[in-house]
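This report refers to the structure that appears directly beneath it.
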Amino acid sequence: MPLIKGYILAATDTKMRVSGIGARQFFIWMGVAVGAVALCWFLRGDEGVENGTINYANQMLFLLPRLVAGLLVSGFTQILVPRSVIASWLGDKSGFKGILVATAVGAVSPGGPMVAFPLVLVLRNGGASAASLIAFMTAWVTLSFHRVITWEISLMGPEIATVRYLSSISLAIIAGLLAAPLARAIGYTTRSVE
Amino acid sequence: MSSNEFFDPSMIVLWGLVALLAGITVWKKGKGGIAAGLRSSWEMFRQIMCVIPFAMLVAYMLAEVFPSELIGGWLGEGSGVLGLVIASFSGAFVPSGPFVSFPIAITLLHSGAGVPQLVAFVTGWALLAVHRVLALELPLMGARFVAVRLGVSIGLPTIAGATAYVLWPYLAQL
């Protein structure tokens, strides 16, 4: 129990809050999680909840060491790359050049979502535009060399891996170009850098 | 999960990258840089741990409610544009990482799915994966960002599948 109490206190400490994830999010997500477990139990019974919990525990175990590494990468990146550099290369005024740069960076970023998401947070906090962030994420999921080499060539063979890769080259740029007008329409605003 | 999944090459690459960046930080910014980097990592970790343990649980409970075996069957070579669209969106509902989605993709291929449909499926999983949106993107980036990203991405897996449809006859000959 003291462990759980400590966790809740640390997680909801409002003094340390920077980007808005805090007590409110914590309790909302806890409530949604309880609801999801109840729904699963209601529709799939004990067995469903048991399977879900085993998969969940495996995934968390898999994820945590990678998450910690990803956050350390993004922590050091934040120190090494000044925000003004991010804003000028990937900010609202960077336009098509920003989309191309973001696509290239996404394609060479190693690692799974546990590295990419912390890097996206660094870029967002540094003033990158929605177009750049989305081009980066699209390139990272569809063009990252590391995934092609680890999974696709080994499992699907070089021919299918090649056709998959060639078919995805345009996607990040299309996504980036469409993102700016949609972000305006939806009201997503780029973070300003003080 | 077997132990070789836990310690796969991505783990070595990741921690190698951490060591490299820590080295550069010491070299450029000194010990104070390391302390600042650790502080900012810790702050992100604390925020993420408010949400991820619960969001992941939601994703895995919903995966039980909508099992991925429902996928497949309508994805053969002759399934055309409709097959591409179905493949794109079935990819989105594969509730896991590459160690699940690629084996499913191989199974689809062996059970008669066409290569363009396979490309649409893998791209759909990569771009639209519901579990990743729920567990990571929504809590970290906020609903508006997710709306913009999904809005621009929704047609992309079908575009990739259509491109593969054009390219595959040339590559298959090689």
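Each reported figure results from applying straightforward, stated rules to the coordinates on display, with no laboratory input. Note that the structure is a prediction, hence the values are computed from the model and not measured. All Cβ positions, glycine included, derive from the backbone under ideal geometry; neighbour counts span all protein chains shown.
Here the alpha carbons of the stretch A:114-193 define both size measures, Rg and Dmax, at 14.9, 45 Å. Legend: calculated FRET efficiency, B:Ile24 to A:Ala104, from the Cβ-Cβ distance at R0 = 22 Å, rounded to 0.05, equals 0.60.
Within the same chain, lysines fewer than 8 places from A:Lys5 are excluded, and of the rest, those with a Cα less than 21 Å from its Cα are A:Lys15.
Taking each residue as 0.36 nm, the span from A:Phe96 to A:Ile149 lengthens on full extension beyond its C-alpha to C-alpha distance by 16.2 nm. Per residue of peptide B:136-147, the mean number of Cβ atoms on other chains within 10 Å of the residue Cβ is 5. Residues considered: A:Gly75, A:Gly95, A:Gly31. Largest GNM mean-square fluctuation over chain A, using C-alpha springs under 10 Å, is found at A:Gly31.
Of the DSSP H helices in chain A, those with a Cα length along their own long axis of 18 Å or more and a mean Kyte-Doolittle hydropathy reaching -0.5 comprise A:23-80, A:95-108, A:130-143, A:171-186. Against the empirical curve 2.2 N^0.38 Å, the C-alpha radius of gyration of the protein assembly as shown lands at a ratio of 0.99. Summed over qualifying helices (DSSP H, 4 residues or more, each -39500 (n - 2.57)) and divided by its residue number, chain A shows a 222 nm mean residue ellipticity of -25000 deg cm²/dmol. For the options A:Ile174, A:Ile160, A:Ile99, a Gaussian network treatment of chain A with springs between C-alpha atoms closer than 10 Å singles out A:Ile160 as fluctuating the most. Take each residue of peptide A:171-177, count the partner chain Cβ atoms within 10 Å of its Cβ, and average: the result is 4. Cα extents for the stretch A:42-194 along the principal axes, largest to smallest and rounded to whole angstrom: 52, 40, 34.
Could you work out which residue, out of A:Leu166, A:Leu133, A:Leu90, moves most in a Gaussian network model of chain A, that is, has the largest mean-square fluctuation with Cα springs under 10 Å? Answer for the Gaussian network model of chain A: A:Leu166.
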